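Novice: I'd like to ask you about the structure that follows.
The values are calculated or read from the model by the stated rules, or taken from the named source; none is laboratory data. Keep in mind that this is a model prediction, so the values were computed, not measured. Cβ sites come from the backbone with ideal geometry, for glycine too, and all protein chains shown count toward neighbours. Surface areas here come from the heavy atoms of the whole protein model, side chains and all, with no ligands, DNA or RNA. Shrake-Rupley method; radii C 1.70, N 1.55, O 1.52, S 1.80 Å.
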Amino acid sequence: ALGQELFKIEQYAEMVLHYLRLESLSSDLVLREHDVSALVRETVRKYAPVFIGTGIRLDLAEFTMPVLTDAKWLGFVLGQILSNALKYTPAGSITIRPDPADPRALFIEDTGIGIRAEDIPRIFERGFTGENGRTELGQISTGIGLYLARQVLSRLSHTVSVESEVGRGTRIRLGFPDLTEM
């Protein structure tokens, strides 16, 4: 339990540092071809103690998805999305897989508490916590993580969309432009 609390503190400190760097993000970007699956596996390893401690099951598909991105910043975004999925999934699973309809897109799905339909359009606003940010799960929500994620994704020319149903879970879709179109 103490290890998990230290991990949470480290994550909040990392979020603050990324927030402070956001203004100079353009000069900090190093765009290269990276395999999204390698970045996902690295992020999952970082969160392994949380998966183990909570008993949340991970279903990670085997895939290869080369994209032009900044590994550090996309890793940060993947961490924010995975952190939220873990935070709002008291039991069940998280699935990470390519979108079967688009080889240039990734799904991160959870079986958590879901997001109210009226909150979905606002979850990427700075400071917005919605109903789930005030739930009985006892989690602290700053409303900064998804705001930062959207800002970073926008600067990387990646897309993000959300589908969710209260009580059933949430699906985040990350889209990456074709390398030949860049």
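Novice: Would you confirm whether any residue within the range 69-86 is in contact (Cβ under 8 Å) with a residue 12 or more places away in the chain and assigned to a strand (DSSP E or B)? Spell out the reasoning first.
Specialist: To start, the set of residues in the range 69-86 that are in contact (Cβ under 8 Å) with a residue 12 or more places away in the chain comprises 69-86.
Adding the requirement that they be assigned to a strand (DSSP E or B) leaves 69.
Yes, that holds for at least one residue.
Novice: Another question about this same structure. Please enumerate the residues belonging to the range 32-65 that are touching a residue at least 60 places away in the same chain (Cβ under 8 Å) and either open to solvent by less than 50 Å² (accessible area, probe 1.4 Å) or not in a strand (DSSP E or B) (or both). Spell out how you get there, then give the answer.
Specialist: Residues of the range 32-65 touching a residue at least 60 places away in the same chain (Cβ under 8 Å): 33, 36, 40, 65.
Answer for the range 32-65, where residues must be touching a residue at least 60 places away in the same chain (Cβ under 8 Å) and either open to solvent by less than 50 Å² (accessible area, probe 1.4 Å) or not in a strand (DSSP E or B) (or both): VAL36, VAL40, MET65.
Novice: Going by the conditions given, is LEU106 open to solvent by less than 20 Å² (accessible area, probe 1.4 Å) and not in a strand (DSSP E or B)?
Specialist: Details: open to solvent by less than 20 Å² (accessible area, probe 1.4 Å): yes; not in a strand (DSSP E or B): no.
Against the criterion (open to solvent by less than 20 Å² (accessible area, probe 1.4 Å) and not in a strand (DSSP E or B)), LEU106 does not qualify.
Novice: Are any residues in the range 129-154 modelled with pLDDT of 80 or more and either surrounded by 16 or more Cβ atoms within 10 Å (Cβ to Cβ) or among the basic types (Lys, Arg) (or both), and if so, which ones?
Specialist: Matches in the range 129-154: GLY145, LEU146, TYR147, LEU148, ALA149, ARG150, GLN151, VAL152, LEU153.
Novice: So which residues in the range 89-102 are touching a Leu at 6+ places or on another chain (Cβ under 7 Å) and assigned to a loop (DSSP other than H, G, I, E, B), if there are any at all?
Specialist: Once the filter is applied, which keeps residues that are touching a Leu at 6+ places or on another chain (Cβ under 7 Å) and assigned to a loop (DSSP other than H, G, I, E, B), the range 89-102 yields only PRO90.
Novice: Filter the range 155-182 down to residues that are of a type in the set (S, T, N, Q), more than 12 Å from LEU74 (Cα to Cα) and at pLDDT 95 or above, then give me how many there are.
Specialist: Looking only at that region, the number is 3.
Novice: Among the residues of the range 66-94, which ones are surrounded by fewer than 19 Cβ atoms within 10 Å (Cβ to Cβ) and basic (Lys, Arg)?
Specialist: Matches in the range 66-94: LYS72 only.
Novice: Further, regarding this structure: From the residues in the range 109-128 that are touching an Asp or Glu at 6+ places or on another chain (Cβ under 9 Å) and surrounded by 18 or more Cβ atoms within 10 Å (Cβ to Cβ), which one is modelled with the highest pLDDT?
Specialist: GLU109
Novice: For ASP59, are the conditions met, namely being at pLDDT 95 or above, touching a Phe, Trp or Tyr at 6+ places or on another chain (Cβ under 8 Å) and not hydroxyl-bearing (Ser, Thr, Tyr)? Reasoning before the result, please.
Specialist: On the way: at pLDDT 95 or above: yes; touching a Phe, Trp or Tyr at 6+ places or on another chain (Cβ under 8 Å): no; not hydroxyl-bearing (Ser, Thr, Tyr): yes.
The answer is no for ASP59.
Novice: I'd like to verify a number: residues in the range 1-50 that are within 20 Å of the chain's Cα centre (by Cα), closer than 23 Å to PRO177 by Cα and modelled with pLDDT under 65, how many?
Specialist: 2
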